[in-house]
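*Asks:* Dropping the structure in here first, questions after.
What follows is calculated from the coordinates using simple rules that are stated; it is not laboratory data. Only a predicted model underlies this, so the values are computations on that prediction, with no experimental measurement involved. No Cβ is skipped: glycine too gets one built from the backbone with ideal geometry, and neighbour counts run over all protein chains shown.
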Amino acid sequence: MKKKVLISVSDKDGIIELAKGLISYNYEILATGNTAKLLIDNGINCVEISDYTGFPEIFSGRVKTLHPKIFGGILFRRNNKEDIVEANQNEIYPIDIVCVNLYPFAKVVNRDDVDVETKIENIDIGGPSLIRAAAKNFKYISVLTNSNQYTSFLDDLKNENVNEETRKKLASEAFSHTAYYDKLISEYFEKELLNENLNIRINLPLHSGLRYGENPHQKAFLFGDFYKHYELLHGKELSYNNIIDLVAASNLANELDINGCAIIKHTNPCGAAIGNDALDAYEKALSCDPVSAFGGIVAFNVPVDAVVAEKLNEIFTEVIIAPSYTDEALEVLQKKKNRRILKFLLNTNLSDNQYRNIPGGIIMQENDNSKFPDDYKVVTKKNISEDELKDLKFAWTVCKHTKSNAIVFCKDQKAIGVGAGQMSRVDSSRIAVSKAKQHGHSLINAVAASDAFFPFADGVEEIAESGVTAIVQPGGSVRDDEVIEAANIKNISMIFTGIRNFKH
């Protein structure tokens, strides 16, 4: 008996070539009405679904593939003895390839000249069911949902490369295909038919509404499993801004060495340090910019005890995050009724891709998972000491979590000056110097980190004037030679990492 393939497509592009190729590999084609007519008109033998099932297409084609002989042929498990017996008893034969694309809902949903009834009729029912059934049974079934898959699939058949990995990849694409289709439909019902305000459907469960967004006039919602990563131990509901800031704080704290503390204000670090213990780390971090730390987010990567809690209570902080707290620490911290206290449940750092909405869609990128490289290059005449390298690695990590253009000064494993989010790298340098001096820090023998290369020598000259002994930057400017020469003239060290850490 010939192997069977089911073809039921709305978009007929490339289907003739695919069908001819499948027949050459000894497949028998089952096809629905219009698809069958196209194939027959082009001299391609096929069996119409209604002839195969013995049941006519009904309700103007609304019901045609929803039949046990079809879904049984797709879903039965080829290695399951009971399934095989039932298939034989019911004259159900295996269908090995399912080629389906869906009614063109996407093409009609936003057209003003198409009425609601026509749009509803373009919601496919059998198609998604066939696709999902085939994708679920990928161990045995290949599912094709897009004409751009046809040529490579025929090549794989020719080269006998249609294996489980191939089918698994096709299944993944199939589920993405139906997920997007369902998203379009749900958005249409929500926005056009129900006139609700959520104008985008996210493929995550809605957890809750938030009090408001960045500003009181903006609505905000929380989707997904955020509280799988954090446990709220005390305080009122988290706000949109709280969540954005606490994620930034915990991401930085998680990248610091043990006994690390990060203080965040508006997603930028206004303090970060590694200490002998949690108290030492917090005091060092706070010293960077105690003014900006007021009302900020404090994250630790080690447990918090009562001594640290007492110190934390000396100023107002919005949120405190740590992997654990002693009972005594919680008792102290909970005296501040409006403060949020959270516990890490999972290391949240650098786990997922990043998405941003843009007009007409989204853009996505991988998280910045970069680490300080082992193959850094000293590019100046003056080499670096072990202590300088230790501080440069720390400064590089803090700088990675600072908005561009970013310049960070560090000394003895603590940040002492941060310049963030400026249009000019020189301005960021000046702000970082000013911040350090404002809070009594000497930059003599400090180090500096830049998130991107210096386009001109003036940025290095500005930093060198402050008294630092070493700079870490990615390099890569057309004027690198001028920048290196400026460092040599100032008798400071400079290393290139080859890694840029822009953060917009």
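*Asks:* Roughly what would the spin-label model give for Asn383 and Glu192, points 7 Å off Cα along C-beta, in nm?
*Replies:* Output for this residue pair reads 7.0 nm.
*Asks:* What is the distance in Å between the Cα centroid of the stretch 157-194 and that of the stretch 357-397?
*Replies:* Going from one Cα centre to the other spans 37 Å.
*Asks:* When the helix-only estimate is applied to the chain (DSSP H runs of n ≥ 4, each -39,500 (n - 2.57), divided by the residue count), what is the mean residue ellipticity at 222 nm, nearest 500 deg cm²/dmol?
*Replies:* For the chain, the value works out to -11000 deg cm²/dmol.
*Asks:* Let me ask something else. Per residue of the stretch 110-121, in order, report the coupling 6.51 cos²θ - 1.76 cosθ + 1.60 (Karplus, θ = phi - 60°) as ³J(HN,Hα) in whole Hz, putting x for Gly and Pro.
*Replies:* In residue order, the calculated couplings are 9, 8, 6, 8, 10, 7, 4, 4, 5, 4, 5, 5 Hz.
*Asks:* If you take the C-alpha gyration tensor of the stretch 1-152, multiply each eigenvalue by 5 and take the square root, what semi-axes do you get, largest first, in whole Å?
*Replies:* 26, 18, 15
*Asks:* Hey, what do the phi angles of the stretch 225-241 turn into as Karplus ³J(HN,Hα) couplings, whole Hz, using 6.51/-1.76/1.60 and θ = phi - 60°, x for Gly and Pro?
*Replies:* 10, 3, 7, 7, 9, 9, 10, 7, 8, 6, x, 6, 3, 5, 8, 4, 5
*Asks:* Sort out the exposed loop GluC sites (Glu not before Pro) in the chain (DSSP loop, at most 13 other Cβ within 10 Å) and tell me the longest stretch that has none.
*Replies:* 367-464
*Asks:* For the chain, what is the convex hull volume of the alpha-carbon atoms per residue, in Å³?
*Replies:* Considering the Cα atoms of the chain, their hull volume per residue is 217 Å³.
*Asks:* Run through the stretch 59-100 and list the trypsin sites (Lys or Arg not before Pro) located in a DSSP loop whose Cβ has at most 11 other Cβ atoms within 10 Å.
*Replies:* Of the trypsin sites (Lys or Arg not before Pro), the ones in loops of the stretch 59-100 whose Cβ has at most 11 other Cβ atoms within 10 Å are Arg62.
*Asks:* Still on this structure: Using each residue's phi in the stretch 361-366, evaluate 6.51 cos²θ - 1.76 cosθ + 1.60 at θ = phi - 60° and report the 3J(HN,Hα) Karplus result to the nearest Hz, with x for Gly and Pro.
*Replies:* x, 9, 10, 10, 9, 5
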